[in-house]
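Worksheet for the structure shown next.
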Amino acid sequence: MERRARLDVVHDRLNLGRMDRDPYDIAILDGVLKAEADKLHALAGTGGGSAHPTGTIVAPDGDSARRNPISAQGKVARSTLERILDAINADPELVSDRAKLRHLKEENLSAIKVWLRRGHTQPRQPQFHGGTDDFLPLMTWLVMHRTALHDLLQFVPYPELIAKFLPREMLLRWGDLELCDLQIATMRQLVNHEEVPIPAKEYCRSWVAACTTEDGSTRDRQLAKDPQRWLRLRGLYTAAPMCSCPPGVTEDCWRVLHTLPHVVWAWSVTPWGTYPRTQLGSIYQVHPAVQQAC
């Protein structure tokens, strides 16, 4: 007896309706399956829901940013996403994880196309037609145009995978530029802060002028992160933040650390997401999860 027939026998004996009692309607399944799955996970206490439970995030400035909707195939359990992100060379061990990774990459690529269609294009920006070959040229351009990059990372459903598939050299360069942006912004804030002594303001003003001459060149970045300059600033103003690489943190980790606020989907709702980014060094030293992410 076929399995389907055996199920009919069981249903008859339990006085339950047979499976073909109602017409098959995929729309009903779409509306009911997720709710039923959530109920089962809640009863089991497994917390196996989607890794990204909602399409809305809260940006650091308090504004809501709508992410591109995730399709049914693009949804993923948190445990699965963690295995994918932890996989060496982005090559998961489980066959099912590899298939899911393909779906997640397709979600991101589709979201990038939608984002570009909404007017996020500029002269000399590389063309993107939705293929993986178009991804790196676009990201190379976006790393140099970080306002647009930040906007894109708030729109794609899986920003973690964007960073995961960047070449290490590009990721480190991006982190170095984010760090330089933060350091220069910090100096400018001190110049405009009423409580900062005049000598410290003048020091920051001349420092900003010195490290903004070549649009984020290697020389600019070296000047902005010079630890001796930050120590001297602290001597002029004891409340000044220390934005140089702290002891015990490698340069590579320090750079990657400054990309995390943009690529960790839930950064703003984590304990460390509530602190100013000038305190990333302290956050790194006391939070093992942040150390592991770097």
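Residues that are more than 12 Å from the chain's Cα centre (by Cα), surrounded by fewer than 18 Cβ atoms within 10 Å (Cβ to Cβ) and either in a helix (DSSP H, G or I) or among the small types (Gly, Ala, Ser) (or both) within the stretch 149-171 comprise 168, 169, 170, listed in sequence order. Within the stretch 242-258, take every residue that is more than 21 Å from residue 187 (Cβ to Cβ) and modelled with pLDDT of 90 or more and give me the one that is nearest to the chain's Cα centre (by Cα). So the residue we want is 256. Flag: residue 205 does not match the condition of being free of Cβ contacts under 8 Å to residues at least 12 places away in the same chain and in a helix (DSSP H, G or I). In the stretch 165-175, the count of residues that are out of contact with any Cys (no Cβ under 9 Å at 6 or more places or on another chain) and within 18 Å of residue 128 (Cα to Cα) is one or more. The set of residues in the stretch 228-260 that are under 21 Å from residue 291 (Cβ atoms) and exposed (fewer than 15 other Cβ atoms within 10 Å of the Cβ) comprises 246, 247, 248, 250, 251, 252. Would you confirm, using the coordinates I've provided, whether residue 194 is part of a loop (DSSP other than H, G, I, E, B) and either buried (at least 20 other Cβ atoms within 10 Å of the Cβ) or over 28 Å from the mean Cα position of the chain (by Cα) (or both)? Yes, satisfied. None of 80, 132, 121 is within 27 Å of residue 148 (Cβ to Cβ), of a type in the set (Ser, Thr, Tyr) and touching a residue at least 12 places away in the same chain (Cβ under 8 Å) except 132.
Residue 211 meets the conditions (1) more than 22 Å from residue 136 (Cβ to Cβ); (2) touching a residue at least 24 places away in the same chain (Cβ under 8 Å); (3) within 27 Å of the chain's Cα centre (by Cα) in every case but one. The failed one is (3).
Scanning the stretch 84-117 for residues that are over 19 Å from residue 160 (Cβ atoms) and loosely packed, with under 10 Cβ neighbours inside 10 Å gives 95, 117.
From the list 200, 185, which one is over 17 Å from the mean Cα position of the chain (by Cα) and over 30 Å from residue 161 (Cα atoms)?
On the way: 185 fails: over 30 Å from residue 161 (Cα atoms).
Unique residue meeting the criteria: 200.
When residues in the stretch 124-138 are screened for being modelled with pLDDT of 90 or more and closer than 12 Å to residue 109 by Cα, 3 of them pass.
The values are calculated or read from the model by the stated rules, or taken from the named source; none is laboratory data. Keep in mind it's a predicted model, so treat the numbers as computed, not measured. Neighbour counts are summed over all protein chains in view; Cβ atoms, including those assigned to glycine, are modelled from backbone coordinates with ideal geometry.
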